[in-house]
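Down below is the structure, laid out as structure tokens.
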Amino acid sequence: MDEVTISRAIIESFSREFLDAMDVDVAVAGAGPSGMMAAYDLASAGFKTVVFEKNLRLGGGMPGGGMMFNRIVLQEEGKQILGDLNVRMQEFSDGYYTADALEAMSVIAVRAIQAGTKVFNLISVEDVMIREENRITGLVLNWTAVSMAGLHVDPLAAKARVVIDATGHECEVARIVERKIGAYLRTPTGRIMGEKSMWAERGETEIIENTREVYPGLVVAGMAANAVCGSPRMGAIFGGMLISGKRAAQVAIEMLKDGERV
Ligand code: 48H
């Protein structure tokens, strides 16, 4: 057994894929349920898709279920989406289903990756690139460990025709855009409206409308969509996240239709 061969295998195969991820159709920030669902649909449709996740593990808030009871709740539409992926579910009461949060998230992740999505964990999106009359053209990346350690290390950048902000409650990409560019987001105030207190019904309904292009080249998905557009949170019901991920993919595909693809 040759340690140097093992090291070379890791460095070379990672570097090859990382280099390839520097120019993609869609770059997703955040590997939670909405981001991974969007990536699954995009990669399945043949688009070159990459996900950058700041944590060691993917899944965002889904593995935690509700208050660490690791189960999620779905209604009909969400149940259908997970059913199509062969996730097992149980009916709890009329129109309400439960699933094992770990099974659901693992299956979505496996299907997205096997469809061709490249996921890079431990990498944080710390800025965006803006060109061509205020269009987001890519993401600025750094190792999460760099910011955790407070090191002064400059980032690298990756080009993307469409960026999806699926960073959850913090809507980190949209926040960067607002901070650097000002009140130019496509919301009533031009700014991030802020997430509202829990109201499951409204949160689940409004997320569909909120999943859209909020700045040229930037689509918001999942909790980031509700935070940017001023809609409520909804607790541990996850259908909206899956529907939002699928809608973000559709919006991105529409945006890519006329433009060039990698
Ligand atoms: C790279 C980043 C960065 C960054 C964050 O929070 P998530 O699970 O997001 P969604 O929107 O797919 O799902 C939301 C859901 O989990 C949830 O919180 C619900 C339903 N809450 C309801 C309620 O009432 O509370 O995943 C976001 C992912 C995480 O893995 C982060 O680590 C990652 O994005 N992330 N990745 N660069 N700058 N910021």
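The values are calculated or read from the model by the stated rules, or taken from the named source; none is laboratory data. Predicted model, so just to flag it, every value in this text is computed and none were measured. Positions of Cβ are backbone-derived with ideal geometry, glycine not excepted, and every protein chain shown enters the neighbour counts. Side chains are part of the model used for accessible areas, which takes the heavy atoms of the whole protein and leaves out ligands, DNA and RNA. Shrake-Rupley method; radii C 1.70, N 1.55, O 1.52, S 1.80 Å.
Worth a mention:
- For the pair residue 170 and residue 143, a Förster radius of 22 Å applied to the C-beta separation gives a FRET efficiency near 0.70, rounded to the nearest 0.05.
- Residues whose placed amide H lies under 5 Å from that of residue 215, excluding near-sequence neighbours: 186
- For residue 184, the solvent-accessible surface computed with a 1.4 Å probe is close to 150 Å², ligands and nucleic acids excluded.
- Candidate residues 258, 165: accessible-area rank, largest first, probe 1.4 Å: 258, 165
- Computed over protein heavy atoms with a 1.4 angstrom probe, the accessible surface ordering of 69, 18, largest first, is 69, 18.
- For the chain, the Kirkwood radius over C-alpha pairs fed into Stokes-Einstein at 37 °C and 0.692 mPa s yields D = 177 µm² per second.
- Candidates 234, 62, 148: whichever shows maximal mean-square fluctuation once the chain is modelled as a Gaussian network with Cα springs under 10 Å: 148
- Where labels lie 7 Å past Cα in the beta-carbon direction, separation of residue 77 and residue 23 in nm: 3.8
- Euclidean distance between Cα centres, segment 183-247 to segment 47-92, Å: 17
- Cα coordinate range in segment 46-86, projected on the principal axes (Å, largest first): 31, 27, 14
- Most fluctuating residue given options 212, 247, 16, as computed from a GNM of the chain linking Cα atoms under 10 Å: 16
- FRET efficiency estimate (nearest 0.05) - Cβ-Cβ, residue 8 to residue 183, R0 35 angstrom: 0.10
- Between residue 92 and residue 202, full extension at 0.36 nm per residue minus the direct alpha carbon distance yields a gain of 37.5 nm.
- Hull shadow area, averaged, segment 188-262 [alpha-carbon convex hull, nm²]: 5.2
- Inter-part distance where segment 140-169 and segment 94-131 are each reduced to a Cα centre, Å: 17
- Alpha carbon convex hull of segment 101-230, projected area averaged over orientations, nm²: 9.6
- For q = 0.14, 0.19 Å⁻¹, Debye-computed log10 I/I(0) when each Cα of segment 1-115 counts as one equal scatterer: -0.67, -1.01
- Split the accessible area of segment 173-228 by element, probe 1.4 Å, and carbon with sulfur accounts for 54%.
- For segment 1-67, the fraction of alpha-carbon pairs lying more than 19 Å apart is 49 percent, rounded to a whole number.
- Per residue, the chain exposes 51 Å² of accessible surface when a 1.4 Å probe is rolled over the protein heavy atoms with every protein chain present.
- Evaluated at q = 0.13, 0.24 Å⁻¹: base-10 log I(q)/I(0), Debye formula over Cα of segment 125-201: -0.49, -1.22
- For the chain, built as a Gaussian network whose Cα springs stay under 10 Å, the top-fluctuating residue of 181, 123, 81: 181
- Evaluated over the Cα positions of segment 57-163, the convex hull gives a direction-averaged projected area, one quarter of its surface, of 9.6 nm².
- Note on residue 118: lysines with a C-alpha under 19 Å away, same-chain residues under 8 apart excluded, are 48, 54, 159, 246.
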